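**Student:** Starting off with a structure, shown below.
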Amino acid sequence: MQRYFRETRTSSLAGKMTRRRWSYRRPRRALDPVHPPEAGAADGGWAWMVCLGASLGHMLTPGYLASQGVLYIEWKEHFDTSATTSSWILTLPWLASSLFSLIMGPVAQRFGIRRLSIVGGAVAGVSTILGSFATEIWQLYLCGISSGIAMSMILPSGNIMIAKYFKKRYALANGLNLLGVNVGQMVFPPLIRLLIANYGWKGAMFILGAFQMNLIAASALFRPLKARPANDLRRQTSLEMEAMRNGGSTGSEGQDGAEENFLFLKVLTRAPFTLSLVVISLYAMAWMIYLSHLPSRAKEAGWSEDQGAMLLTIFAIIAIVTRTTHGWFVDRGYIGSFPLEFGALSGAALASFLNPVSDSYGFLVGCSVLLGASLGVGSPLIIVIIKGLVSDAEIPASMSWIVAAFACSQGTGSVVAGKIYDLTGSYVATYLTGGGFFAASLSLLVLVFILKRRQTGVPIGRKVPAPPGDPEVQGQITQSCI
């Protein structure tokens, strides 16, 4: 109190200028460049920039690779090869990504997520640029394999960062993350046609490779989460304590180094998770069976190529709408992830079964709308469900397995559809097979739901009772995906 009166008396004698100095010398909150105030805040702030970077990764890797069908026609004519030989250029990136994704989770934990993703972005851009100088088709094979390896570095990294930064709004953020694939499917086909018309396919690939180099800047947005203050440990997870700048992990789950290195295999011991990978494989294969031959199905029905391409555009637009909106309802508890996924898979199966019923263009448009609405919800939501089946320490390994399952099935789905068409000479059996895969994935997901409920022993949406004397976990709610 004495110091307060002395300063007050000095202020009254010195006048207005001293009073200003007194207000200027009020203690201010120091800015720490190493631990900025919002650096470790999940569900907001920099988390949305991380979401943007992950979405750009999906746009410039799988979004671009899914649009290479435009380049496929040019490659086939330039190298004068068969359809099967040229199709390997489209398949090899997905198969390579499926293989290498299995090890990228542990690699990201050891060397750092941001570092791995930046290297992947550079490899993706360089691979496409080198492909523009190809003089033999085997050179495009090699570039495709390296592009797949780059995708295996980028996609798991983005998914892991989304899982780390978002808790309450994870369903919404994951939908926005995968939105990049749909944006790429809409943007790249007309862009590639424009570039080919002006610069040829080699010039088009060179420019597209330059676009992909922006993945380096997008990956730089993956700023590591910092440790929270001791009074905020209630909101802290083991992944948020990971020392990303040093490329290490904390081992807060009580695991030793050997267990962490082989965590990508240990996670397979969880029966619900393993079944979920089968669900993803069947789902992705059915998805590719439907979409890869949709323009050809429309042409067989007597419609033009432009009308067949319009069906894909309608699908992408509807998928964008549902992909950006469904997470809002899931995060706020209006509907659980499992029931909504059941509805999405049912809608996708119905669209596949109904596709061969009529050749009417309006009917095909209706099937595309139904499929877009279903897959726009189903693809991101299955990742939300799997996140609830594993522990925080197993998230990197689980994301690697998810990308591997998706990539493998997408790489083989179009081949399966082509084989079925060659054997039957009609797309009826092709789309019925795709509908059967959707129905099988739905049945297995119901089994996953039952196993998860039996393991937790907690009714859906109820609170988990906190241990006595442990207020930090009081009020913890089971995952909304249960």
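The values are calculated or read from the model by the stated rules, or taken from the named source; none is laboratory data. In this text, all values refer to a predicted model and were calculated from it rather than measured experimentally. With ideal geometry, Cβ positions are generated from the backbone for all residues, glycine too; neighbour counts draw on all protein chains shown. The accessibility values were calculated without ligands, DNA or RNA, using every heavy atom of the protein model including side chains. Shrake-Rupley method; radii C 1.70, N 1.55, O 1.52, S 1.80 Å.
**Student:** Kindly indicate whether Ser152 is in contact (Cβ under 8 Å) with a residue 60 or more places away in the chain and assigned to a helix (DSSP H, G or I).
**Tutor:** yes
**Student:** Additional query: Show the residue pairs that are 6+ apart or on different chains and have beta-carbon atoms under 7 Å apart, the first residue being within the stretch 409-424 and farther than 23 Å from Ser379 by Cα, the second being among the β-branched types (Val, Ile, Thr).
**Tutor:** Ile420/Thr430; Ile420/Thr433; Tyr421/Thr430
**Student:** If only one of Ser147, Ser127 is closer than 15 Å to Ile216 by Cα and either of a type in the set (Phe, Trp, Tyr) or in contact with a Cys (Cβ under 9 Å, 6 or more places away or on another chain) (or both), which one is it?
**Tutor:** Being closer than 15 Å to Ile216 by Cα and either of a type in the set (Phe, Trp, Tyr) or in contact with a Cys (Cβ under 9 Å, 6 or more places away or on another chain) (or both) holds for just one of Ser147, Ser127, which is Ser127.
**Student:** Additional query: Name the one entry in Ala258, Ala284, Ala243, Ala230 that is at pLDDT below 80, of a type in the set (A, V, I, L, M, F, W, C) and open to solvent by less than 50 Å² (accessible area, probe 1.4 Å).
**Tutor:** Ala243
**Student:** Among the numbered conditions (1) without any contact (Cβ under 8 Å) to a residue 40 or more places away in the chain; (2) in contact with a His (Cβ under 9 Å, 6 or more places away or on another chain), tell me where Val183 comes up short.
**Tutor:** Of (1) without any contact (Cβ under 8 Å) to a residue 40 or more places away in the chain; (2) in contact with a His (Cβ under 9 Å, 6 or more places away or on another chain), only one is false for Val183: (1).
**Student:** So if I check each of Tyr170, Tyr165, which one is under 30 Å from Ala393 (Cβ atoms), of a type in the set (Phe, Trp, Tyr) and either at pLDDT 95 or above or in contact with a Lys or Arg (Cβ under 8 Å, 6 or more places away or on another chain) (or both)?
**Tutor:** Tyr170
**Student:** Go through the stretch 316-367 and count every residue that is open to solvent by less than 60 Å² (accessible area, probe 1.4 Å) and acidic (Asp, Glu).
**Tutor:** 2
**Student:** Looking at (1) open to solvent by 20 Å² or more (accessible area, probe 1.4 Å); (2) hydrophobic (A, V, I, L, M, F, W, C); (3) assigned to a helix (DSSP H, G or I), which is the only condition Ala124 fails?
**Tutor:** (1)
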